[in-house]
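Below is one structure, written out as structure tokens, with a few remarks after it.
The values are calculated or read from the model by the stated rules, or taken from the named source; none is laboratory data. Just so we're clear, the structure is a prediction, and the values are computed from it rather than from any experiment. Heads up, the Cβs are rebuilt from the backbone with ideal geometry, glycines too, and the neighbour counts pull from every protein chain shown.
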Amino acid sequence: MNTRSAGFLEGTAQGVQVWVRVNGRGNFKLGPTLKAYAVSALQRGCRRLLVDLQPCSALDSTFLGVLAGLALHLKTVHGTVSVLRPSAQARDSITTLGLDRLLQLPAEAPAAPALQRLDITPDVANAAASILAAHENLIAADPTNQPRFRELVTQLKAEITGP
């Protein structure tokens, strides 16, 4: 299996910091794992999320929406999300969605501690709700994203609530 294209996460928590490295594709499949891991660390007192994108080959809007949701939450407790070593394409996506006003993009990345591979726990039953929440986060982070994701949000709400 080509883990680079499939994507996986590595992470660790140290004091008030939680580190996550995105390997391969940061997508809707990894979003719930990122959220669960980060929320667990935040409940234990972490207030700074550092996301290393250096080995990341691509990001989708759902994954970026999860990052936005975490940043919006951390903002309420005076915490931060720093995106480290994004590719030019990832930086462009972050900027296009207006997330550069919410996420920190430091010029230099601190040395990462030893990280462990995180188990991906797909939540198939709640996939639509997870994708919906991520896109609502993108709209909350920057209201100019609303026209971009309006149709998807409408479709997902209809799927969740049924006919």
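Of note:
- Some residue of the stretch 63-83 being over 19 Å from V39 (Cα atoms) and either of a type in the set (F, W, Y) or surrounded by fewer than 14 Cβ atoms within 10 Å (Cβ to Cβ) (or both): no
- Hits in the stretch 1-58 - residues which are under 12 Å from the mean Cα position of the chain (by Cα) and polar (S, T, N, Q): N27, T33
- When L49, L74, L84, L103 are checked against the criterion of being farther than 16 Å from H135 by Cβ, touching a Gly at 6+ places or on another chain (Cβ under 8 Å) and not aromatic (F, W, Y), L49 stands alone in meeting it.
- Residues in the stretch 87-134 that are crowded, with 16+ Cβ neighbours inside 10 Å and either more than 20 Å from L53 (Cβ to Cβ) or among the polar types (S, T, N, Q) (or both): S93, A127, S130, I131, L132, A133.
- Residue in the stretch 30-47 that is within 17 Å of A71 (Cβ to Cβ), at pLDDT 95 or above, in contact with a Pro (Cβ under 8 Å, 6 or more places away or on another chain) and not acidic (D, E) present: no
- Within the stretch 22-79, restricting attention to residues that are among the aromatic types (F, W, Y) and in contact with a strand residue (DSSP E or B) (Cβ under 9 Å, 6 or more places away or on another chain), the residue that is nearest to L118 (Cα to Cα) is Y37.
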